[in-house]
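Throughout, read-outs are computed from the coordinates displayed, never taken from laboratory work. The structure presented is a predicted model; accordingly, all values stated were derived computationally and were not measured. Glycine gets a Cβ as well: all are built from the backbone with ideal geometry, and neighbour counts include every protein chain shown.
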Amino acid sequence: MYEWIAQQPFLAALIALVMLGAVFGALLGFASEKFKVEGNSVVEDINAILPQTQCGQCGYPGCRPYAEAIAEGEAINRCPPGGEAGIAQLADLLDVEPIPLDEAHGEEAALPSVAFIHEEDCIGCTKCIQACPVDAILGAAKQMHTVITSECTGCDLCVDPCPVDCIEMVSEELTLASWHWDLPSRDDSATIIATDRIATDRDAA
Amino acid sequence: MRKIWDFHGGIHPPENKHQSLTQPIRRAGIPAELVLPLNQHIGAPAEPIVEIGQKVLKGECVARPAGFISVPVHAPTSGTVTAVEERQVAHPSGLATECIVITSDLEDRWVEHAGIPDWTSADKATLLACIRDAGIAGMGGAGFPTAVKLGVNPRGGSIDTLVLNGTECEPYITADHVLMRERAEEVVAGTRILQKLVEPKETLLGVEDNKPDAIEALRRACEGTDMDVVVFPTKYPSGGEKQLIEILTGRQVPSGGLPADIGVVCQNMGTAVAVYRAVVHGEPLISRITTVTGEAVAQPGNFDVLLGTPMSFLLELSGFSADRLQRLVMGGPMMGFTIPDAAVPVVKTTNCILAPTEKELPPPPPAQPCIRCGLCAEACPASLLPQQLYWFSRGKEYEKLEAHNLFDCIECGACSYACPSNIPLVQYYRASKAEVTQLKRDQAKSEHSKTRFEARQERLQREAEEKEAQRRARKEAAEARARQAAEAGSAEQDPIQAAIERAQAKKAAAQEGEETPQRPAVAQLDPAQLAIERAKAARAVSADQSPAEKARANLERLQERLAKSEAKLTASREQGAEATIIDALEAAIEKLRPKLEVAQQEVDALGDEAQPKPAPAAEEKDAAQLAIERAQAARAATADQSPGEKAQANLERLRQRLAKSEAKLAASREEGADDSIIDALEAAIEKLRPKLEAAQREVEELKAGQEA
């Protein structure tokens, strides 16, 4: 054996390398089967960032289809409910430059809103129930309907189908519980340094 | 002397406490109107249980707790409920919230109340219920329901140390200081109740060394008890719960944890007094000690004030001059916030009203760029990296903020105080905390929406599949039915089949040519069809006939019809057909007779050419008719069998079947077979009879034709 290796060093090396390649190839193959990742994880990640209002303002029938489209290269600025924060997160995830929200698809609402059914006008047609993507409307044929506020995503898909226009989008009211501090406004004076300030003070005086 | 520890960071701002310490606690008195916010604590707002116009007595409960983490609200004095409405409250947002408004009657009549004088023998549940019903929430500033804090340890561990917080480290505020100085016995009595509830190994009353008179009073009151008054150097913010615990025990509350995790419960001195008054005297929390200070008031001091008293009322008592005021602050200069209107009420957590002048508390100078000096990190009592948090806040990098323990920030303001660039750091953290909380809430909601959306999609798909399955099942059932009917009911299908065949035959005949209009050799042709064909043939041949011939032909036809009808009638009578059929035949014959007479007269009138023929019309045919018959016969002869023979054979078959069926029926009847079998046989016989009749007629006609 040793003699043969000594006599045929080139062949021996070749055989050894081929064997190593086979072993590691088998290992890799096994690992790729064993630790297989189910589904498209990029789509899942994008979908997790999207606000899941299922409003369709992006032009896709729901958040997941838009996530799939983004994974295929669609623009990331078509989701008004997600807003600038959502775009920033998507840009971060996909490692692209954040771009401003495409106003053609709607504007970002300052406060989240929920649908409200004026119950005295409701005729019980169930059209809004069929439109609601998250089953947040309760009612039956010829019975008054109402919105389960805690489940409503504010997608306003129920507003158009209503034949008597009894659905209204109501902005959530700002309460002590929902109020919070804003970031301090940054005025231009923040950029001057102490010596500048003395200079401006002198100018003023 | 106990060993004391130190915590990281901290600052030494000017104390400014002496101004309000010159006078003893004053009673503020009763204002004309008291405004009681329903949410003076952390947790769910209380629910009002009074109506507008209702008379209430001092100490009467006006709003009950809504949920576990909630406390009730009591009337601070006797009077009338004049409104339950939204009023502006002391909150940095300046928003209005639901309040109960009581107009006092100045009588200050107490509701019937009694404490538990023998509280040492009462059980914990009774004491906790008493504290809860008294509406006590932490009076240090946060306002967490005291009964909840004392009642349950969410992590389950045992408590070995009870800490009473008498630090009051924030500048200007002296409410706890004067409380300890003047009501040390009540503090100690309240602490004994807390001891009974918590059952700690040691009880520590922590006081900063800048309150010597309070320390002395406490030490005197504590003599003969197992409580330790622990004095430590003044430093801001040693009054923070976690910082105080570290000073007194050397133990750090873990990040994101509670003091209970390391076996400590911390309560405010004011809370201890409230517990004492609730348990021993049965008095709910309706008043508190509030400091009114600042250079804009002439006589700063501390007031024992009813909750709900407008701040303006207290300011007036202190000789407030509005023109000197820079801004009104609730709380101290470090952690307090500006209140928009002096009319807002004093609540359970109002420890200080600060009315500083412009000179005393100048507006913050403009923020300048961060120079990364690191002073903030040195000052931070929570050992955070304020500078990093600042950058992340500005960049809205929420994940990194959380990774840098933003939520361990106690918002003490030490970093902002230390910052040489005057950056309002705490404001950034507050905003970012709110953003992160909001983001988490949004994420939870979006996750929830996603689940619901997917569940809905699944449901819709399932419904569509079920519908499709149902549709398919219906279709299959219909097909199976049709097949079954086709297999089982060929007898019933006979008429249809026959009609189809007839139509085909007719078409074939039409193709044969008009000069040989002949009866198709199908045995079961219906009489009407035959009549039409005969009529057609007659018309065809009579086209160039004389009127006499026409009349004669007509007469013959009529005679033929009459004969047929009579034959049918006799046959029907013999077979015992239904009365209606016989009646119909009789009526038909009756109708035919006058027509026949008319035709006869016509023929007679037309003279010689017309030769009256005797009744059996079959024997007499005019030339045209005969020609047709002949042609038919000739055509029939080309086939293997003549139509006559076919018809004859058919007739024989039918007769045999009928005879067989009748024999079977008779046999079945004799044997007493099933009614269903007998019925079926009878039905079959009934069906056979008309067929037989038709066949008979055909044979007769054919015979007539052949004979002719």
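Ordering A:Leu111, B:Leu651 by the number of other Cβ atoms within 10 Å of each residue's own Cβ, fewest first, gives A:Leu111, B:Leu651. Summarising the label geometry, the points placed 7 Å from Cα in the beta-carbon direction at B:Asp583 and B:Arg372 lie 12.0 nm from one another. Taking a ≥ b ≥ c as the square roots of the Cα gyration tensor eigenvalues, with a/c under 1.5 meaning rounded and otherwise prolate when a/b beats b/c, else oblate, which class fits region B:18-354? Since a/c reaches 1.5 but b/c is at least a/b, the shape of region B:18-354 is classed as oblate. Across peptide B:419-427, the mean count of Cβ atoms from other chains lying within 10 Å of each residue's own Cβ comes to 2. Considering helices alone, the calculated mean residue ellipticity of the protein assembly as shown at 222 nm is -15000 deg cm²/dmol, with DSSP H runs of length four and up weighted by -39500 (n - 2.57) and normalised per residue. Contact order, relative form, for chain B: 12 percent (alpha carbon pairs under 8 Å, 6 or more residues apart, mean separation divided by residue count).
For region B:313-441, how many pairs of lysine residues have a Cα-Cα distance under 26 Å, where the two are 8 or more positions apart or belong to different chains? Don't skip to the answer; put the middle values down first.
Values: B:Lys348/B:Lys433; B:Lys396/B:Lys433; B:Lys396/B:Lys440; B:Lys400/B:Lys433; B:Lys400/B:Lys440.
So the count of such lysine pairs works out to 5.
Arranged from fewest to most other beta-carbon atoms within 10 Å of their beta carbon, B:Phe453, B:Phe232, B:Phe337 become B:Phe337, B:Phe232, B:Phe453.
Here B:Lys242 is the anchor, and the lysines within straight C-alpha reach of less than 17 Å, apart from those fewer than 8 places off in the same chain, are B:Lys149.
In this rough spin-label picture, where each label sits 7 Å from Cα along the Cβ direction, the B:Glu574-A:Met19 distance is 11.2 nm.
Please arrange B:Lys691, B:Lys475 by counting, for each residue, the other beta carbons lying within 10 Å of its beta carbon, fewest first.
Details: B:Lys691 19, B:Lys475 10.
Ascending Cβ contact count within 10 Å gives the list B:Lys475, B:Lys691.
Seen through its C-alpha gyration tensor, with square-root eigenvalues sorted a ≥ b ≥ c, chain A comes out oblate because a/c lies at 1.5 or above while a/b is not bigger than b/c. Less than 5 angstrom separates the built amide H of B:Cys266 from those of B:Val163, all sequence-distant by 5 or more or on a different chain. Once you reduce region A:1-29 and region B:155-204 to the center of their Cα atoms, the two points are 79 Å from each other.
Each Lys and Arg Cβ is given +1 and each Asp and Glu Cβ -1; about its Cα centre, region B:374-488 then shows a dipole of about 640 debye.
Would you please name the GluC sites (Glu not before Pro) within region B:552-599 that are DSSP coil residues with at most 11 other C-beta atoms within 10 Å of their C-beta? Present the calculation step by step, with values, prior to reporting the outcome.
Working: sites: B:Glu556, B:Glu560, B:Glu566, B:Glu574, B:Glu578, B:Glu586, B:Glu590, B:Glu597; in loops: B:Glu578.
Counting only loop positions with at most 11 other Cβ atoms within 10 Å, the GluC sites (Glu not before Pro) in region B:552-599 are B:Glu578.
If a helix is a whole DSSP H run, which ones in chain B reach 30 Å or further along their own axis (Cα) and hold a mean Kyte-Doolittle hydropathy of at least 0.0?
Numbers: long enough: B:425-488 (93 Å, -1.58); B:490-512 (31 Å, -0.84); B:547-575 (41 Å, -1.23); B:579-605 (39 Å, 0.06); B:643-671 (41 Å, -1.22); B:675-707 (47 Å, -0.55).
What comes out of the filter, once short or polar helices are dropped, is B:579-605.
Which pairs break 25 Å Cα to Cα here: B:Lys660/B:Lys687; B:Lys564/B:Lys660; B:Lys475/B:Lys687? Walk me through the numbers on the way to the answer.
On the way: B:Lys660/B:Lys687 14 Å; B:Lys564/B:Lys660 27 Å; B:Lys475/B:Lys687 33 Å.
Over 25 Å apart, Cα to Cα: B:Lys564/B:Lys660; B:Lys475/B:Lys687.
For region B:283-299 and region B:353-416, compute the distance between their C-alpha centroids and round to whole Å. Centre-to-centre (Cα) distance: 29 Å. Modelled spin-label separation between A:Leu176 and A:Val159, with each label point placed 7 Å from Cα along the Cα-to-Cβ direction: 3.2 nm. Take every Cα pair under 8 Å whose residues are at least 6 apart in sequence, average their separation, divide by the length of region B:18-354, and the relative contact order is 24 percent. State whether the protein assembly as shown is rounded, prolate or oblate according to the following rule on the C-alpha gyration tensor (a ≥ b ≥ c being the square roots of its eigenvalues): a/c under 1.5 gives rounded; otherwise a/b larger than b/c gives prolate, and the remaining case gives oblate. Note, shape of the protein assembly as shown comes out prolate.
Can you tell me the relative contact order of region A:110-172? Whole percent, Cα pairs under 8 Å, sequence separation 6 or more.
On the way: 122 pairs, mean separation 29.9, N = 63.
Here the relative contact order equals 47 percent.
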